[in-house]
Amino acid sequence: MRRDPPVMPPEAASALKAQILAEALPYIQRFHNKAIVIKYGGNAMTESVLKAGFARDVVMLKLVGMNPVIVHGGGPQIGDLLKTMGIPSQFRQGMRVTDEKVMNVVEMVLGELNQEIVGLINQHGGRAVGLTGQDGAFIHARKMLLKSDAGDGESVDIGLVGEIERIDPELIQLLDSRDFVPVIAPIGVGPEGEAYNINADLVAGKLAETLKAEKLVLMTNTVGVLDKDGVLLTGLSASEIDRLFADGTIHGGMLPKIGSALDAVKNGVRSSHIIDGRVEHALLLEVLTNEGVGTMIKAD
């Protein structure tokens, strides 16, 4: 038989709210005027309740004095539109092979998603501005060449997929200083003005390093980093992450995500966080409470 959860007496509920608010105060003080780079993706980007909750969380972080910067992906949505258009999706070593037709779809989908996120944040009282790395040419990129699976030393060309050469921080810093929330689609610009599709985790990590961010937060559809027995590891050092790479505990689709988080803390970001975007208000819980909702990675 299904039982309803116990009803908390009003005075107990009020005391709990007060405790939560009091617990948040030292974090608000510590992270005041600090950059927090957030990679936004997964279920948090597709379910309406989670989308609205994320927008409110971002607005709250800005209003209490932090500087959230959003980088979003769009892989599943790009795949869905390509399928609808009858264009096959091809991947090499986890990267989408991107010819000109696919790049047109990438730009279309990321543009729509970018404006949706901007609209949601603005609806909840924020002042968001949508960007790609082409705006002001602030994400400089070059063609990514993969090493051949055959191990023969040959390079594999996967089209208009880029890797980051450098990020110019001035545009983002200007928006932060004027109380805008930057929302960035992961498209970079090459030396001849050509557009490159870049992995959003890599953009978020490199941007966090460039801004000397307090935190890099990567939202996922997992609870965080798990050990070989499936137990959540809530706090890890850089050397512990290296060991998890070496013994194969971290593998598959988590490799680029954890790699970005690890590189960030090795290059000046105070902490990286892998959090479960399926949890409502996961962002606030990770930034403003003692327990958090995922894995925190710090330098040794």
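Here are the numbers for the structure shown:
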| quantity | calculated |
| --- | --- |
| Failed criterion for Val37 (all others in (1) modelled with pLDDT of 95 or more; (2) of a type in the set (A, V, I, L, M); (3) part of a helix (DSSP H, G or I) hold) | (3) |
| Candidates Leu160, Leu202, filtered to the one that is under 19 Å from the mean Cα position of the chain (by Cα) and at pLDDT 90 or above | Leu202 |
| Any hit, segment 165-173, residues being out of contact with any Lys or Arg (no Cβ under 8 Å at 6 or more places or on another chain), among the aliphatic types (A, V, I, L, M), assigned to a helix (DSSP H, G or I) and on the phi < 0 side of the Ramachandran plot | yes |
| Unmet criterion (only one of (1) without any contact (Cβ under 8 Å) to a residue 40 or more places away in the chain; (2) crowded, with 18+ Cβ neighbours inside 10 Å; (3) touching a His at 6+ places or on another chain (Cβ under 9 Å)) for Ile167 | (1) |
| Leading residue by the ranking (nearest to Pro68 (Cα to Cα)) among those in segment 1-15 that are in a helix (DSSP H, G or I) and modelled with pLDDT under 70 | Ala13 |
| Number of positions in segment 43-63 that are of a type in the set (Gly, Ala, Ser), within 24 Å of Ile172 (Cβ to Cβ) and loosely packed, with under 15 Cβ neighbours inside 10 Å | 0 |
| Strands (runs of 3 or more DSSP E) contained entirely in segment 64-152, each with at least 2 residues that are surrounded by 14 or more Cβ atoms within 10 Å (Cβ to Cβ), touching a helix residue (DSSP H, G or I) at 6+ places or on another chain (Cβ under 9 Å) and touching a residue at least 40 places away in the same chain (Cβ under 8 Å) | 67-72, 128-132 |
| Residue in segment 112-133 that is farther than 28 Å from Glu47 by Cβ and out of contact with any Cys (no Cβ under 9 Å at 6 or more places or on another chain) present | no |
| Helices (runs of 4 or more DSSP H) within segment 232-300 that include 3 or more residues buried (at least 21 other Cβ atoms within 10 Å of the Cβ) | 254-266, 282-288 |
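The values are calculated or read from the model by the stated rules, or taken from the named source; none is laboratory data. The structure presented is a predicted model; accordingly, all values stated were derived computationally and were not measured. Backbone-built Cβ (ideal geometry, glycine too); neighbour counts: all protein chains shown.
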